[in-house]
């Protein structure tokens, strides 16, 4: 798509064109699917630029008063803000995002990749040996108690408990919600969602009438935000979501 | 009032004698109309697009033998009239909250839904969309260049691919937020929601 198209679409979206020029753009929107896709891309780019604070002065006014006039665009803005927020989290917790690594990996000669894989395997094996050795009765375990996020939407501190992970392992005690009456559970499992979208399932090490406890080793928790979904498993195999707990590892 | 099947068939025939091509043309026109109404600030863009189509179909018996030119132009003309009418009646929303007041936090529905929806994306798509958006400014340009090189496609093709994944993700987040607000208003519920299942968000996006 020509650069001129992008420019004219931007001018249209910011309400800077004459009626005749607008009509030309609109007619193409009705007849040219490629142009329509380019239009959608430019819409998203304007939303992203607004979220990044790129617009200033008169242009900012045009964007706010013209471009964001419809509720659909406002919905796009919320999505872009969420994406932006996620980007900040990713950049804040990982100075070397995955992308930087992957091209390097792909570009490297096969023999180097083989050597790197062997080294990585050795490091992982050594790390496992180290962790297993350290998981003796005298292992250093930190404890954190979490409460289900239900009902505390406005209280961020309550929802995402920050934990500084300097012990070998983290014992997480999930307090069962006092207000609800969950059906009797034979067992539980905990689904741990990381901010990057990864999900792992963990079995509790102990449980009683008021809490469920799990232990995660330091290697299993990189810095970032986590949501822990507690699922009760009844004696008949039926499952029931008890609650979600939020944790920030620093 | 809705368009009858007979009127709709006539409309498609007018667009193109080939039913399949006519259907494609119809979809392009309708999607274009929605874009135009959104650009003009209407909150009910879909309804207005349908109203435009209804008006055209009503006039079709009179115009089909005399009208010369691209049918899309006729739809566009009707849409412009509708816009003028609506502006005269001041139907465009003016009581929306100031845009600067919209702020998403890590505990908002949108953010939680984004986290959820990212899990439904295949790994390749998830990595592409996150990598594509991870940097700003000059770094962004450089990253996009390297990404395109790695994928063996042009930067323009990468831009299009990232856009289509974004649409898919945005659609998922939108449905997730709607479902969340309709059924369970608390933050934890999105993770508990059984309404969200893999494969639910692969429909076409506008």
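Taken together, the values in this text are just the output of simple stated rules run on the coordinates, not laboratory data. No experiment lies behind these values; they were computed from the predicted model shown. Quick reminder, even Gly has a Cβ in these numbers, built from the backbone with ideal geometry, and neighbours come from all protein chains shown.
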**Message:** Taking the number of other C-beta atoms within 10 Å as the exposure measure, put B:177, B:36 in order starting with the fewest.
**Reply:** B:177, B:36
**Message:** At 7 Å along Cα-to-Cβ for each site, give me the label-to-label distance between residue A:71 and residue A:59 in nm.
**Reply:** 3.1 nm
**Prompt:** Ranked by Cβ crowding within 10 angstrom, fewest neighbours first, how are B:27, A:19 ordered?
**Reply:** A:19, B:27
**Simple spin-label estimate for residue B:58 and residue A:17 in nanometres, 7 Å along Cα-Cβ** = 2.9 nm
**Request:** Provide B:18, B:109, A:40 in ascending order of the number of other Cβ atoms located within 10 Å of each residue's Cβ, fewest first.
**Result:** B:18, A:40, B:109
**Request:** For region A:3-46, just say rounded, prolate or oblate: build the C-alpha gyration tensor, square-root its eigenvalues into a ≥ b ≥ c, call rounded for a/c under 1.5, and beyond that prolate if a/b exceeds b/c, oblate if not.
**Result:** oblate
**Inter-label distance, nm, simple model (7 Å from Cα along the C-beta direction), residue B:68/residue B:119** = 6.2 nm
